[in-house]
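Only the coordinates and a few stated rules stand behind these numbers; no lab work does. Everything quoted here is computed from the prediction, not taken from an experiment. Cβ placement follows ideal geometry from the backbone for every residue including glycine, while neighbour counts extend to all protein chains displayed.
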Amino acid sequence: MSDVRPRGTLHGVIFAPYVRKVRAVLALKSIAHHQVSVMPGAMDPEFLAKSPLSKVPVWEESGFQLPDSSAICAYLERIVPEPAIYPAEPRVFASVLFWEEYADTRLVDAVEPVFFQRVVRPRVLRQTCDEAIVRRQLEEVIPPVFDQLEALYCSPGPLRPGYAPPANRDGSRSGPSGLALDGTPDVTPDIAAIALWSPLVNLEHVGFGVDAARWPGVAAAYATTSAQPVLRSIIAEERAALGAR
Ligand SMILES: N[C@@H](CCC(=O)N[C@@H](CS)C(=O)NCC(=O)O)C(=O)O
């Protein structure tokens, strides 16, 4: 029988991309935990003692606190190694760390203003959405990021050792990261795939998908990661919290 005692507590609001990244890893590794909703930028002394940079997420266990999604995910891999989300081969491992960093910086910076304007401003801050910012991000800021991902992450090359093409959505196999016939991915996504997936969920929550005609690799990578049953559950839970069907 598996141990369902909570291993620790994750602090952070579930819509924050870095929090979702950690929740995805916890779910993929079946690590039972408590979830405490903390808004980004919390400045109370109790939270600052856990998170000196006042950012979410923070992972907490008895006698141990760890901020930063990348640190937390690396720690979770050490305490629960299977299924592995970090490749073993040195170059593939290092490259995956780079793409995780790319997702956590360039992609989050491009995407988050859209979610902030469409959800946080009206629902949390009771302010109106600035549609000019949304349009600018969608038309000018996000496309070059997707172009870069398409060219450098979704294609074989020196920045992508170990690249495997994503699955065809019809269930036929096009490579080792394919979908099984029931549509379930048969390979656990690595930390780069998870980190790239997470901010794109926020984009989907506000009605914007990745244009598969323009960025087929990015769209397929997102779809393949989203098809993991435990990640589908995370998206469904968030949609319910947003009041969407
Ligand atoms: N490198 C950090 C970034 C965390 C981060 O920036 N979190 C945002 C929420 S998505 C936050 O807490 N922002 C509040 C602030 O910057 O004051 C990580 O990977 O955890």
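For the reader, a short list of remarks on this structure follows.
- Residue tally, condition within 13 Å of the chain's Cα centre (by Cα) and either away from the ligand (no atom under 15 Å from the Cβ) or assigned to a loop (DSSP other than H, G, I, E, B) (or both), over the range 1-30: 5
- Scanning the range 49-60 for residues that are within 11 Å of the ligand (Cβ to nearest atom), of a type outside the set (D, E, K, R) and part of a loop (DSSP other than H, G, I, E, B) yields a total of 5.
- Residues of the range 78-93 that are free of Cβ contacts under 8 Å to residues at least 40 places away in the same chain and either surrounded by 13 or more Cβ atoms within 10 Å (Cβ to Cβ) or within 24 Å of Q137 (Cα to Cα) (or both): F93 alone.
- Taken as a whole, the range 35-48 holds no residue that is within 25 Å of F116 (Cβ to Cβ), touching a helix residue (DSSP H, G or I) at 6+ places or on another chain (Cβ under 6 Å) and either of a type in the set (K, R) or within 12 Å of the ligand (Cβ to nearest atom) (or both).
- Residues in the range 124-136 that are assigned to a helix (DSSP H, G or I) and away from the ligand (no atom under 16 Å from the Cβ): E131, A132, I133, V134, R135, R136.
- Any pair with Cβ under 6 angstrom, 6 or more apart, that starts in the range 121-139 at a residue that is closer than 14 Å to D109 by Cα and ends at one that is assigned to a helix (DSSP H, G or I): I133/P113; I133/Q117; V134/V114; V134/Q117; Q137/P113; Q137/V114
- From the options E112, E139, E150, E100, residue that is touching an Asp or Glu at 6+ places or on another chain (Cβ under 9 Å) and part of a helix (DSSP H, G or I): E100
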